[in-house]
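The structure under discussion appears below in the form of structure tokens.
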Amino acid sequence: MDQDQFGRELADSLYAAERAVDLAVAALCDLGAIMVRGRLQHGISAVVGQVALADVMAALPLITRGRDRLVRAHRNLTRDARAMRIDWTDCRGGPETKPPPDDGDVPLLPQRLHRVA
């Protein structure tokens, strides 16, 4: 396997992971929506299932942070592939419509502010 083949295999795996995470985000949102809509449709008290709904919704920011890390990894791998002249563009999972390249390491999620003296 040459470096370009390795790059394509890695890109295929990366696109598959990105798709799986996006599907998990959508599934969590769908689950929460079904829980709330079903309660409303059937006249069930909001007390019923509240703890379960809170647990389901608590998973969303966790998986969103994981998605952020995966997107960062994608950016870093793209940068490294360019630097090493590894062609990974001819893979099964992509490419998808993308924004213009950004070579900076810009945080995708807002960072917490810290108090300074």
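The values are calculated or read from the model by the stated rules, or taken from the named source; none is laboratory data. What you see is a predicted model, and the numbers here were worked out from it, not measured in a lab. Reconstructed Cβ throughout: ideal geometry from the backbone, glycine too, with neighbour counts over all protein chains shown. Remember, those area values only see protein heavy atoms, side chains included, never the ligands or the DNA or RNA. Shrake-Rupley method; radii C 1.70, N 1.55, O 1.52, S 1.80 Å.
Rundown of residues vs (1) open to solvent by less than 60 Å² (accessible area, probe 1.4 Å); (2) more than 30 Å from Asp2 (Cβ to Cβ); (3) touching a residue at least 24 places away in the same chain (Cβ under 8 Å), yes/no style:
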| position | (1), (2), (3) |
| --- | --- |
| Leu31 | no, yes, yes |
| Val51 | no, yes, no |
| Arg72 | yes, no, yes |
| Asp80 | no, no, no |
| Ala83 | no, no, no |
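Checked against the criteria, Val56 does not count as at pLDDT 95 or above, more than 30 Å from Asp87 (Cα to Cα) and open to solvent by 50 Å² or more (accessible area, probe 1.4 Å). When the residues of the range 1-23 are filtered to those that are farther than 22 Å from Arg65 by Cα and surrounded by fewer than 17 Cβ atoms within 10 Å (Cβ to Cβ), the one that is modelled with the lowest pLDDT is Met1.
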